Structures are given as C-alpha cells and as structure tokens.
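Reviewing the structure listed below.
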Amino acid sequence: GEDVEQSLFLSVREGDSSVINCTYTDSSSTYLYWYKQEPGAGLQLLTYIFSNMDMKQDQRLTVLLNKKDKHLSLRIADTQTGDSAIYFCAETSPGGKLIFGQGTELSVKP
Amino acid sequence: GAGVSQTPSNKVTEKGKYVELRCDPISGHTALYWYRQSLGQGPEFLIYFQGTGAADDSGLPNDRFFAVRPEGSVSTLKIQRTERGDSAVYLCASSPGGGGEQYFGPGTRLTVT
C-alpha cells in the first residue's frame, strides 16, 4: 500500500542549511508536496513538485526528486529560528487524496 | 482572500455523544477533503467530496462517521456515539479541482472525555 517515511527530528544552527528527507511508495503520484505546521496551527503549503521534474527552487527552498529511488528532499537555505516547525511530506493518491509522512520536527538553534 | 475556515476550533464532548464539525472551503473550490491528525502523527485521509458527492470515503474508520456537502460548498463531518479514541484534530482542506494543491483550515480539536 501507500506509505511515506520521514525521519522524526532534525536540529540545525541558525544560518546553516537544513535538509529534510522523505521516501514514498506510490510511483504513480503526480505531485509531491511539502507542508509546514507550527505549534497549534494548521498545515501551510510550502511547495510542491510535479513528478516529471527533478528539481524545483523557490526562494530559500529547493526540492529535489529522485523518482527512481522514490526519494524527495526539501532544502532550506540560511535556516532561521522562524523555520522551526514540523515539516510533512505528502504524496498524491488516485483521486487526489494526500498520504502524509509522520513529519520531521525541525529545531533551529541560535 | 478568505482561506478555509473550520468551526468550532475546539470541542469537548462526553463519550457517547454526537458531534458535528463544520468546514467552509475557499470560495469556488470544488474539491473538499477531511483528514484526522492524532498527536505526533501526520494527517490521515477520511473522505473527499467533488461537488456535492462523496467521491472517496475509504478513510472513514467506521459507520459512526458520516459527512455531507449538500450544496457543494460547506461540509459537515458528523460523529455519532463518540469514543475516547476519536479525540484528534480534524482538518479540512479544499482544492480548485480534484488532484490539485490542497489548502488546509486551522482544524477542530475534538476531545472526548
């Protein structure tokens, strides 16, 4: 069945780059998404990548997709304390429903 | 413009009671999704509406859960005979069409005592 895996925690220093990794199982996923969730808040759509792309850059965010290995990553350049949150990777399933990973908690230390 | 809104933001109910959770999607979005997020987990899909009809209800855990979207806009998730295991944050999302990017509301935190 469909499954999305992420590491649970990542800690970086302010100003460093953060790389959050994700693996997924459904090779038919058309889009893959990254969402950000701050404490007590809903999910904020950060960025997404179409499955026929290898890379997408959006300001400080870079998404890399390795479709052969079903591996997705999100790189945040110049990480700030305001980037501290839980980051969810999600794949689309037929019909459009999202299958989410467990989330990676990013902690940014000053 | 207005985003997805959900009411109430918090709901505390006793075991066995009936609850209704409301979602107001972004105007013009035809697709509406309900998810449930337990503590420390990612959201899990419950049901998807395209217009007024439920296109996929495969995520509803059992027949105590039901959702409607009678006019193709606002949706209500209904839970009968609530159990403590139903305690979670219920999230609603809408999308311009099925399969596109989904925009989430702030969620309703349901606590069953």
Summed buried accessible surface, chains B and A, 1.4 Å probe, nearest 100 Å²: 1400
Cα coordinate range in chain A, projected on the principal axes (Å, largest first): 41, 28, 20
For residue A:30, residues with placed amide H under 5 Å, excluding near neighbours: A:92
Given charges at Cβ of Lys, Arg, Asp, Glu: chain B dipole, positive-most of B:108, B:18, B:75: B:18
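Using a 1.4 Å probe and counting only protein heavy atoms, arrange A:97, A:109 so the residue with the most accessible area comes first.
A:109, A:97
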Mean projected area in nm² (Cα convex hull; one quarter of hull surface) for chain B: 6.5
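Quick one: ranking B:18, B:35, A:48 by accessible area, 1.4 Å probe, largest first, what do you get? Display every interim value, and only then the final one.
Numbers: B:18 110, B:35 0, A:48 65 Å².
These residues rank, largest area first, as B:18, A:48, B:35.
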Summed residue charge, Cβ within 15 Å of residue B:15's Cβ, Lys/Arg positive, Asp/Glu negative: +2
Cα centre as origin, Lys/Arg/Asp/Glu Cβ charges: the protein assembly as shown dipole, Debye: 420
Accessible area (Å², 1.4 Å probe, nearest 10) - residue A:71: 60
Exposure of residue B:12 as accessible area (Å², to 10), given a probe of 1.4 Å and all protein chains: 100
Kirkwood Rh, angstrom, the protein assembly as shown [1 / mean 1/r, Cα pairs]: 18.0
Interchain or long-range residues, amide H under 5 Å from residue B:67's placed H: B:78
Among A:52, A:96, A:74 the positive-end extreme of the charge dipole of segment A:5-109 (Cβ point charges): A:52
Amide H contacts under 5 Å for residue B:111, placed H, 5+ residues apart: B:11, B:12, B:13
Peptide ranges B:74-84, A:28-38 listed from the most packed, as the mean C-beta count within 10 angstrom indicates: A:28-38, B:74-84
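Please give the average number of partner chain Cβ atoms lying within 10 Å of the Cβ of each residue in B:41-48, rounded to a whole number.
Going residue by residue through B:41-48 and averaging, the value is 6.
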Partner chain coverage, peptide A:88-97 - average Cβ within 10 angstrom: 6
Probe 1.4 Å, all protein chains present, accessible-area order of A:88, A:50, B:45, B:66, largest first: B:66, A:50, B:45, A:88
Residue-level accessible surface for residue A:75, protein heavy atoms, 1.4 Å, Å²: 100
Lys, Arg +1 and Asp, Glu -1 on Cβ, resulting dipole of segment A:1-108 about Cα centre, debye, nearest 20: 220
Most fluctuating residue given options A:15, A:95, A:82, as computed from a GNM of chain A linking Cα atoms under 10 Å: A:95
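The values are calculated or read from the model by the stated rules, or taken from the named source; none is laboratory data. Please read these numbers as outputs of a predicted model, since none were measured by experiment. Virtual Cβ from ideal backbone geometry, glycine too; neighbours counted across all protein chains shown. Note: accessible area is taken over every heavy atom of the protein model, side chains too, but ligands, DNA and RNA are not part of it. Shrake-Rupley method; radii C 1.70, N 1.55, O 1.52, S 1.80 Å.
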